[in-house]
Amino acid sequence: MSKKKDIEIQVVDTDAGVNLVIGKKIVAEIIENDGKFLLRENGKDKAQYKNYSVALEEAIKNYNLSL
């Protein structure tokens, strides 16, 4: 059986936007650009969203899928 483990995600404000940190690793950055939110993972631009909450949700979803 699989063990269910809680994952703590920190949302850290920066000058450029927001970093999503899990443990000591930055898994994604969300950068506001002209009213849109750019999702960057591993230094590569992934997608651009109209809402911050959608960008945050996608970043978390992408991290969980890559485990």
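The values are calculated or read from the model by the stated rules, or taken from the named source; none is laboratory data. Remember, predicted model here, so these are calculated numbers, not experimental data. With ideal geometry, Cβ positions are generated from the backbone for all residues, glycine too; neighbour counts draw on all protein chains shown. For the accessible areas, the whole protein counts, side chains as well, though only heavy atoms, and no ligand, DNA or RNA atoms are used. Shrake-Rupley method; radii C 1.70, N 1.55, O 1.52, S 1.80 Å.
Identify all residues within the stretch 33-42 that are farther than 13 Å from N62 by Cα and either in contact with a strand residue (DSSP E or B) (Cβ under 9 Å, 6 or more places away or on another chain) or open to solvent by less than 30 Å² (accessible area, probe 1.4 Å) (or both); write none if there are none.
Within the stretch 33-42, the first condition is being farther than 13 Å from N62 by Cα, and the residues that meet it are 33-38.
Listed by number, the residues that qualify are N33, K36, F37, L38.
Pick out the one residue from I30, I7 that is more than 10 Å from the chain's Cα centre (by Cα), of a type in the set (A, V, I, L, M, F, W, C) and within 16 Å of N62 (Cα to Cα).
Answer to the check: I7.
If we only count strands (runs of 3 or more DSSP E) wholly inside the chain, which ones have 3 or more residues that are in contact with a helix residue (DSSP H, G or I) (Cβ under 9 Å, 6 or more places away or on another chain) and either of a type outside the set (S, T, Y) or in contact (Cβ under 8 Å) with a residue 24 or more places away in the chain (or both)?
17-22, 25-33, 36-41, 44-49
Within the stretch 44-63, is there a residue that is modelled with pLDDT under 90 and loosely packed, with under 13 Cβ neighbours inside 10 Å?
No: zero hits.
Check whether at least one residue in the stretch 19-29 is of a type in the set (D, E), surrounded by fewer than 17 Cβ atoms within 10 Å (Cβ to Cβ) and closer than 16 Å to N64 by Cα, and report yes or no.
Within the stretch 19-29 (the criterion being of a type in the set (D, E), surrounded by fewer than 17 Cβ atoms within 10 Å (Cβ to Cβ) and closer than 16 Å to N64 by Cα), the answer is no, since none of the residues qualifies.
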